[in-house]
1. Could you give the spread of the C-alpha atoms of region 172-218 along their three principal axes, from largest to smallest, in whole angstroms?
2. Where does region 63-183 land on the Kirkwood hydrodynamic radius, alpha-carbon pairs, in angstrom?
3. Two decimals is fine: what is log10 I(q)/I(0) at q = 0.19 Å⁻¹ for region 394-463, from a Debye sum with one equal scatterer on every Cα and no solvent?
4. Can you tell me, using C-alpha contacts under 8 Å and at least 6 residues apart, the relative contact order of region 1-74 as a whole percent?
5. What fraction of the Cα pairs in region 389-435, stated in percent, has a spacing above 18 angstrom?
6. For region 308-463, what is the percent of antiparallel DSSP beta bridges, rounded to the nearest 5?
7. Averaged over every viewing direction, what's the projected area of the C-alpha convex hull for region 168-267? Give it in nm², one decimal, please.
8. What is region 91-139's relative contact order, in percent, from Cα pairs under 8 angstrom and six or more apart in sequence?
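The values are calculated or read from the model by the stated rules, or taken from the named source; none is laboratory data. This structure is a prediction, so every number in the text was calculated from the model and none was measured. All Cβ positions, even for glycine, are placed from backbone atoms using ideal geometry, and neighbour counts span all protein chains on display. Just the protein is used for accessible areas: all its heavy atoms, side chains included, with ligands, DNA and RNA removed. Shrake-Rupley method; radii C 1.70, N 1.55, O 1.52, S 1.80 Å.
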Amino acid sequence: MADDAPVTLLILGAGGDLTHRLLLPGLGSLLTAEPKRKVQVVGADRESMTPAQWKKLIEKAFADVPVPARPTRSVVSKARYEQTDLLDPEQLGRLIGSCKGPLVIYFALPPSVSMKVCQLLEDIELPQPTRLALEKPFGTDEKSARDFNEQLHKLVPEEQIFRVDHFLGVSTVLNLIGLRFANRILQPIWNAEHIERVEILYDEDLALEGRAGYYDGAGALKDMLQSHLLQVLAIFAMESIAELSAQELQDQKAQVLRSTRLWGNSAKRASKRARYTTGSIGRRKVPSYVDEEGVDPKRNTETLAQVQVEVRNNRWAGVPFTLRSGKALGTARKQIVCYFRPVGHVPTGFENTSPPDKLIIDLKPGAVSFVLTMNAEGSPLDLEQKTLRAELAAGRMLPYGEVLSYILDGDPLLSVRGDSAESCWHIVEPVLKAWAAGKVPMEEYAAGSEGPEGWLPKDSVVG
């Protein structure tokens, strides 16, 4: 669809945090990059909000981007808000009937509510075309993900369903496709023969930050590894694509996820979990997780999760992929680290043999670094590692802007396909069961530390 074609963006749950913190600023960044787009933003929620208040909410979100005056005026002038009980069939029917196609229904709702709304939509005539955009988590396990997919397919075809993973809107992740397939240097060595192990890390120096309502029911494994980091793994490990199209990318990602299993087929040996205790991050004092407001200690929620998997195909068999993410850590690390195997033989006479060479892809901020062994300064017989670093250009827009641009155009390139959503649950389900059964101990780490000792190999990159 052309970027100047009018689209109705209907946000269900418009009064929530997701809308004003991420969706509206994302839309604003999209309109800043592509000001000719015509979008009518319709908000709907149970809470009362006047048209003026809704428009003010949009203006404030756009001002923070900031969005130029013309696209701001265009969106604000057409925006409207409908107070609606989304679980009332009559009210929901009136809301949908007031919207013209092309229509994007964005479910800024808890997954359980989204499922109920989708059941009601079965009996409501949808404008043509209608696209559905849904936030993670896509279900709570493999069966519920499958049930959710079946429900969605009763409404629209798969190509009109957009399961949003904003990590796929981070330009650095898309840059990974260019890095892999647009140069000759890396292609011959992107396999188990040359790569010893891979770490995909998303360690945060933020603590709970008031998100107990969602996080305490999810934890690090469901919040980050099961969705975001497995999607990054799929792009890192996938086979070559013939063109940058949704079907090509989705097919290759799905093949990787179908091939991914826990390392050694053992959830007990392949997974670790931990929770932060009292500590300090910089000058901030952080309470123990169990003492954070809104946390129920009985849930036994982890704040740091690490899982090791293997992609069992011809390219990657035998290479451990470590996925790790946690909160309240001393060093923020948001990167992919690829460790190359040692050379077969270092000529006798060289001194200070270095650790293996590495490729580091920083997700935030975007950068690519090669850590390569070469002659040191001073004695020509000394070896040391030097870093060659390239900063990547910032994305044209915020991650949610990139995701929304594809949704509004009806292009599922940055979406998570239904089969992949089920595969991600299939991969982590043995871990969830092992943790629930108490087979993997809950370790502890002080807030502001690097996590429990010994989780990553000693030569892992820090900082």
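1. Result, largest extent first: 47, 22, 19 Å.
2. Values: mean 1/r = 0.0593 Å⁻¹.
Final number for the Kirkwood radius of region 63-183 is 16.9 Å.
3. -0.93
4. Details: 84 pairs, mean separation 31.8, N = 74.
That works out to 43 percent.
5. Values: 615 of 1081 pairs.
Beyond 18 Å sits 57 percent of the P(r) for region 389-435.
6. Details: 22 of 24 bridges.
Given both bridge residues lie in region 308-463, the antiparallel proportion sits at roughly 90 percent.
7. Working: hull surface 34.4 nm².
Here the figure is 8.6 nm², rounded to one decimal.
8. On the way: 48 pairs, mean separation 26.6, N = 49.
This gives 54 percent for region 91-139.
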